[in-house]
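The block underneath contains the structure these notes are about, expressed in structure tokens.
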Amino acid sequence: MTLQTIYLIRHGEVDGNILVLDREVTATEFNHMVDHVAHEALNARGIAQVQAAVARLAGRSLACLYCSPLLRARQTANILAEGLHLPVIIRDDLYELLPARLPGPPDRRLSLRRAYLRSGLRLLNPFTPDTETALQAFLRIRRAWEAMTTENRADFGVIGHQGIFRLLFLWLKLSPRWTLLHSDTRNGGVSVVACCC
């Protein structure tokens, strides 16, 4: 018997989700992108993806939507809230695990793919001092999950980001209480988690 179902909804597409990874950038250009990733707005395709998610979630008995504070997530939440007639609760702890800035010579050139790879390696190092690491983000999202599921025993939705949801999936696989029924971390995708205990 399922006691609670939680829907994890990834925000709709932003232009930063459709970058050409083979193009070259300088470390300065990459760091500028990192500094502005939190302010990206949904593009037209992203809005359509969220409207499709409204149709997929219609008829579900949700109490509310928890939402990341980033602009793209708030825009997604607003569309969902209007379509599903739900209140939105912004939670700062649902913030995305952002790419790490690249150290070193600012004019160093590398492909965008390689820049993201180096950034990701910095996130995996638990001793990286100038950014939230993957471990810190994992602990943050685990605390957020525990808080949301403790304060709300009804079914609800969470609007967030691919990186955070993937870290959350690791936690759910370790938890005997929760089962990941469906995973979809594409833009506008809906993952489904159930508590069966």
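The values are calculated or read from the model by the stated rules, or taken from the named source; none is laboratory data. Computed from a predicted model, the values in this text were never measured in an experiment. All Cβ positions, even for glycine, are placed from backbone atoms using ideal geometry, and neighbour counts span all protein chains on display.
When the range 53-88 is filtered for residues that are crowded, with 21+ Cβ neighbours inside 10 Å and closer than 17 Å to Gly163 by Cα, the ones remaining, listed by number, are Tyr66, Cys67, Ser68, Leu70, Arg72, Ala73, Thr76.
Of the residues Leu135, Leu139, Leu180, which single one is within 17 Å of the chain's Cα centre (by Cα) and in contact (Cβ under 8 Å) with a residue 12 or more places away in the chain? After ruling out the rest, the residue left standing is Leu180. Among residues of the range 155-177 being farther than 22 Å from Asp92 by Cβ and modelled with pLDDT under 95, the one that is surrounded by the fewest Cβ atoms within 10 Å (Cβ to Cβ) is Pro176.
With respect to the conditions (1) farther than 30 Å from Arg118 by Cβ; (2) modelled with pLDDT under 95; (3) not acidic (Asp, Glu), Val88 lacks only one, and its number is (2). Considering only residues that are farther than 17 Å from Gln4 by Cα and either assigned to a helix (DSSP H, G or I) or out of contact with any helix residue (DSSP H, G or I) (no Cβ under 9 Å at 6 or more places or on another chain) (or both), which ones fall in the range 155-167? If the condition is that a residue be farther than 17 Å from Gln4 by Cα and either assigned to a helix (DSSP H, G or I) or out of contact with any helix residue (DSSP H, G or I) (no Cβ under 9 Å at 6 or more places or on another chain) (or both), then Gln162, Gly163, Ile164, Phe165, Arg166, Leu167 are the ones that fit.
Checking the stated criteria, Ala27 turns out not to satisfy the condition of being of a type in the set (Gly, Ala, Ser), over 17 Å from Pro99 (Cα atoms) and touching a residue at least 12 places away in the same chain (Cβ under 8 Å).
Here Pro103 meets each of (1) at pLDDT below 95; (2) closer than 30 Å to Gln51 by Cβ with one exception, condition (2). Using the structure shown, decide if Thr133 is of a type in the set (S, T, N, Q) and either in contact with an Asp or Glu (Cβ under 8 Å, 6 or more places away or on another chain) or over 29 Å from Gly157 (Cβ atoms) (or both). No, not satisfied. Summed over the range 5-22, the residues that are at pLDDT below 95 and farther than 18 Å from Ala41 by Cα give a count of 3. Pairs are defined by a Cβ separation below 7 Å, a sequence spacing of at least 6 or placement on different chains, a first member in the range 80-102 that is within 14 Å of Val34 (Cα to Cα), and a second member that is of a type in the set (Asp, Glu); the pairs so defined are Leu97/Glu132; Arg101/Asp130. Considering the range 1-73, the qualifying strands (runs of 3 or more DSSP E), each wholly inside and each with 3 or more residues that are under 13 Å from the mean Cα position of the chain (by Cα), run over 4-10.
Taking into account only those residues within the range 74-111 that are aliphatic (A, V, I, L, M) and part of a loop (DSSP other than H, G, I, E, B), which is farthest from Gly16 (Cα to Cα)?
Here is the first cut: in the range 74-111, the residues aliphatic (A, V, I, L, M) are 77, 79-81, 84, 86, 88-90, 94, 97-98, 100, 102, 110.
Those left that are additionally part of a loop (DSSP other than H, G, I, E, B): 86, 97-98, 100, 102.
Working: Leu86: 28, Leu97: 15, Leu98: 12, Ala100: 15, Leu102: 18 Å.
Of everything passing the filter in the range 74-111, Leu86 is farthest from Gly16 (Cα to Cα).
Based on what the data block shows, is Ala38 surrounded by fewer than 17 Cβ atoms within 10 Å (Cβ to Cβ) and at pLDDT 95 or above? When the stated conditions are applied, Ala38 does not pass them.
Scanning the range 114-128 for residues that are over 29 Å from Val158 (Cα atoms) and modelled with pLDDT under 95 gives a single hit, Phe127.
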